[in-house]
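> Structure incoming, see below.
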Amino acid sequence: MRKTSVLFVILMVALVLPGSADAQQAPFNRGVNLTGWFQTGSVSQIQFNRYSKKDFENIKSLGCDVIRLPINLHFMTKGQPDYRIEPLFYEFLDQVVSWAEELNLYLILDNHTFDPAVNTNPNVGPILEKVWLQMATHYKERSQYIMYEILNEPHGISDAAWNAIQLAVIDKIRTVDTRHTLVVGPSSWNTYNNLAYLPRYQDTNLLYTFHFYDPFLFTHQGATWVDPSMAPLSGIPFPYQADSMPALPASLTSTWVGDNYRSYAIDGTVQKVKQLIDIAVRFRDDRKVPIFCGEFGVYIPNSKNHHRVFWYEVVRKYLEEKQIAWTSWDYHGGFGLFESGSNGFFEHDLNVQLLKALGLIVPDQTDYTLLPDSTGSFIYSDYPGEQMFESSYNDGIVNYYSEDLPNNGRYCLKWSGAKQYNTIGLDYQPDRDFSFLANNNYALDLMVRGDTPGLSFQIRFIDTKTQSATDYPWRMGIKIDETKASWDRRWHHLYLPLSSFSDLGSWYNGWHNPAGLFDWKAVDRIEIVTEYGQLGSGIFWFDNIHLTNRDTAKVNQTGVFSGIGEDFARTGTLNFTCYPNPVYGFLTVDSPSEDALSIELIDIQGKTVLTSQFRKHTRWDVSRLNAGLYFVRITDNQRNFITRRICKIDG
């Protein structure tokens, strides 16, 4: 009897101690990927107010206890050689980390520096080590709700090469942070098939991830980012139903998509889905390590909702039956939890059947009614306005967080390098009804600063194209030139009554002359446009942009901006020349300075593509770079720097 009691106690302890059965489970259960937020080309392009703590509360109310946050982490740095993380990135991410901790939500910081069309560089290791050493140093004191995922979906790289890189990154992180769980995964797109090729890492604080998108023919029908494009493929059912199968588009017949189509009677079954998930289960049970499914989902546009819902239910239930935690791809977005074509409002637009299939808590849903805006609203004030999303078309640089002497708050919006017809665009989601504002003497109020006399731009609203074949996205706009403000490097206040805006016509599959059909009840977006010519070397700054009926805004920052800011600053006595410009083959750089100087070549996204040290003279081969605008920056040992623009052309 005593032996039985002792054995019972030992078994109970084994069930709760780390390193036993619990080691095969993640500390969380279910959640979502919060995509499209930190997945930008630079930190200055992040629209931080896209999500807030309230969104995290909403996600938790669904029954989720984890959020995976994809981050273009390498783009959040100053680039080579050191890949120093931008302070602004930490400013944003620190807030997100705090929201998660305050709500007891696990937060996976997913390094999503990833291009499905480009193989993982076998030399990516040193970059990963540099960025993760910084991240681990910065977050090592934060709670254990925070996890680090080393790299999303490495592909086109051998298992051996990737495994060695991943081990080196693990070791680098552990030099400063031994507390936080690291999320690791195999090569070949984090597939379950390659879990078995992972080494037996000695680190015991790892969570092993895999992604699940099978059958791919079903989950990715309509996807344009695969090769060949699956855009022509639509209506694939799940599970396989012979009488419901659409015809295979002729363009896909002789491709791997055609092969998948022909084997779909076998691959498109519930049994096959479970067999594939079992591969991950066997890995877990053999290694006695925790696993989780970091991504799974079905692309919305070309799939039927009832088939999509059934697939999610099958996958989710089987993952949970096998005690595998998961984060679905994604929240908003092409694989998301909201109704297709909706505004994505939590209170109105959730896909109720999908949430039920995922076993989530379904909040009450109500119909959304678009009401006229009767109070005005902010378009930009340190951040783009609420429910406004980036829709710019640009060859230049748009920096929403410039610290070049803002007039209001901490930041201003800075625009440089734009060609003719480039835009800064902010899309209202949902569309707005500004009819009350237009009829009641409201105005567009903003601060603007320019540095180059002779330049001009257009500000315009664009309405929503209806289903009518004779309706177009009409424009209502106004020209801003030196009759309204001097481009003297000082802030100027503009108060532009909506009644002063003019009907400008429409561009939609050709030009359509003004017809007096602009609809203030259905405004889709606002744009600032280089309608009348390129900016050249000129720069514009904007601040405190809003709709109001009160002409009370003041110029707070009265100084003259004498520098050219963080993108084009010139200080001290630095000077240099670079030629030829435009350049095709070799770029020559000369400086009168006798001191050693650092030199960088920066692309239009703000990423350093070449760097070196020189004295007086250097020469670079740029023939292999893509054509476009670049910036040559030299910096001395006093951190003075100056930048010149060059144009790289194809030979």
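> Suppose the filter is of a type in the set (S, T, N, Q), touching a Gly at 6+ places or on another chain (Cβ under 8 Å) and part of a helix (DSSP H, G or I); does residue 98 pass it?
No.
> When both residues are 6+ apart or on different chains and their Cβ atoms are under 7 Å apart, which pairs have a first residue that lies in the range 179-208 and is at positive phi, and a second that is outside any loop (DSSP other than H, G, I, E, B)?
These pairs meet every condition: 188/194; 189/211; 190/209; 190/210; 190/211; 190/294.
> How about the range 115-141: which of its residues are in contact with an Asp or Glu (Cβ under 6 Å, 6 or more places away or on another chain) and not charged (D, E, K, R)?
136
> Condition first: in a helix (DSSP H, G or I) and polar (S, T, N, Q). Can you find one or more residues in the range 158-167 that meet it?
yes
> Shifting gears a bit: Where residues in the range 337-387 are in contact with a Phe, Trp or Tyr (Cβ under 9 Å, 6 or more places away or on another chain), acidic (Asp, Glu) and exposed (fewer than 14 other Cβ atoms within 10 Å of the Cβ), which of them is nearest to residue 52 (Cα to Cα)?
For the range 337-387, the residue satisfying everything is 386.
> Let me ask something additional. Of the residues 177, 243, 203, 227, which single one is surrounded by fewer than 18 Cβ atoms within 10 Å (Cβ to Cβ) and touching a strand residue (DSSP E or B) at 6+ places or on another chain (Cβ under 9 Å)?
Every option except 203 fails the conditions.
> Hey, can you tell me all the residues within the range 61-95 that are part of a helix (DSSP H, G or I) and within 27 Å of residue 125 (Cα to Cα)?
Selection gives 73, 74, 75, 76, 87, 88, 89, 90, 91, 92, 93, 94.
> Would you pick out the residues in the range 577-602 that are farther than 13 Å from residue 645 by Cβ, of a type in the set (A, V, I, L, M, F, W, C), surrounded by 19 or more Cβ atoms within 10 Å (Cβ to Cβ) and at pLDDT below 85?
597
> Let me ask another. Can you spot a residue in the range 336-348 that is without any contact (Cβ under 8 Å) to a residue 12 or more places away in the chain, of a type outside the set (Ser, Thr, Tyr), assigned to a loop (DSSP other than H, G, I, E, B) and not assigned by TED's automatic domain parsing to the domain that holds residue 386?
Looking through the range 336-348, at least one residue is without any contact (Cβ under 8 Å) to a residue 12 or more places away in the chain, of a type outside the set (Ser, Thr, Tyr), assigned to a loop (DSSP other than H, G, I, E, B) and not assigned by TED's automatic domain parsing to the domain that holds residue 386.
> Tell me, yes or no, whether the range 119-134 has at least one residue that is in contact with a Phe, Trp or Tyr (Cβ under 7 Å, 6 or more places away or on another chain), closer than 24 Å to residue 51 by Cα and either in a helix (DSSP H, G or I) or outside the structural domain of residue 608 (by TED's automatic domain parsing) (or both).
no
> Return yes when residue 463 is acidic (Asp, Glu) and in contact (Cβ under 8 Å) with a residue 60 or more places away in the chain and no when it is not.
Yes: the conditions hold for residue 463.
> Further question on the same structure: Mind checking which residues of the range 249-264 are under 16 Å from residue 216 (Cβ atoms), among the small types (Gly, Ala, Ser) and part of a loop (DSSP other than H, G, I, E, B)?
Once the filter is applied, which keeps residues that are under 16 Å from residue 216 (Cβ atoms), among the small types (Gly, Ala, Ser) and part of a loop (DSSP other than H, G, I, E, B), the range 249-264 yields only 263.
> Continuing with the same structure: Could you please give the count of residues in the range 603-631 that are surrounded by fewer than 18 Cβ atoms within 10 Å (Cβ to Cβ), assigned to a strand (DSSP E or B) and in contact with a Pro (Cβ under 9 Å, 6 or more places away or on another chain)?
Of the residues in the range 603-631, 1 are surrounded by fewer than 18 Cβ atoms within 10 Å (Cβ to Cβ), assigned to a strand (DSSP E or B) and in contact with a Pro (Cβ under 9 Å, 6 or more places away or on another chain).
> Additional query: So in the range 221-248, with the set limited to residues that are in a loop (DSSP other than H, G, I, E, B) and small (Gly, Ala, Ser), which one is farthest from the chain's Cα centre (by Cα)?
The extreme case among them is 247.
> So for the range 286-293 (the condition being part of a helix (DSSP H, G or I) and not β-branched (Val, Ile, Thr)), does at least one residue qualify?
Taking every residue of the range 286-293 in turn, at least one turns out to be part of a helix (DSSP H, G or I) and not β-branched (Val, Ile, Thr).
> Sort out which residues of the range 104-129 are within 24 Å of residue 145 (Cβ to Cβ) and surrounded by fewer than 17 Cβ atoms within 10 Å (Cβ to Cβ), and write them in order of number.
Within the range 104-129, just 104 meets the criteria.
> How about the range 494-514: which of its residues are in a loop (DSSP other than H, G, I, E, B) and either modelled with pLDDT under 95 or under 14 Å from residue 480 (Cβ atoms) (or both)?
The answer is 501, 508, 509, 510.
> Let me ask something else. If a residue must be within 18 Å of residue 152 (Cβ to Cβ) and assigned to a loop (DSSP other than H, G, I, E, B), how many such residues does the range 321-335 contain?
Residues meeting the conditions: 6.
> Taking strands (runs of 3 or more DSSP E) that do not extend beyond the range 388-439, which have at least 3 residues that are buried (at least 21 other Cβ atoms within 10 Å of the Cβ) and assigned by TED's automatic domain parsing to the domain that holds residue 457?
Output list reads 397-402, 412-416, 423-432.
> Scan the range 462-489 residue by residue and report those that are under 25 Å from residue 550 (Cα atoms), crowded, with 18+ Cβ neighbours inside 10 Å and not hydrophobic (A, V, I, L, M, F, W, C).
Residues satisfying the conditions are 463, 475, 477.
> Among the residues of the range 311-334 satisfying the criterion of being of a type in the set (D, E, K, R) and in contact with a Phe, Trp or Tyr (Cβ under 9 Å, 6 or more places away or on another chain), which is surrounded by the most Cβ atoms within 10 Å (Cβ to Cβ)?
By that ranking, first place goes to 316.
The values are calculated or read from the model by the stated rules, or taken from the named source; none is laboratory data. In this text the structure is predicted, and so the values were computed from the model without any measurement. Ideal geometry is used to build each Cβ from the backbone, glycine not excepted, and the neighbour counts take in all protein chains shown.
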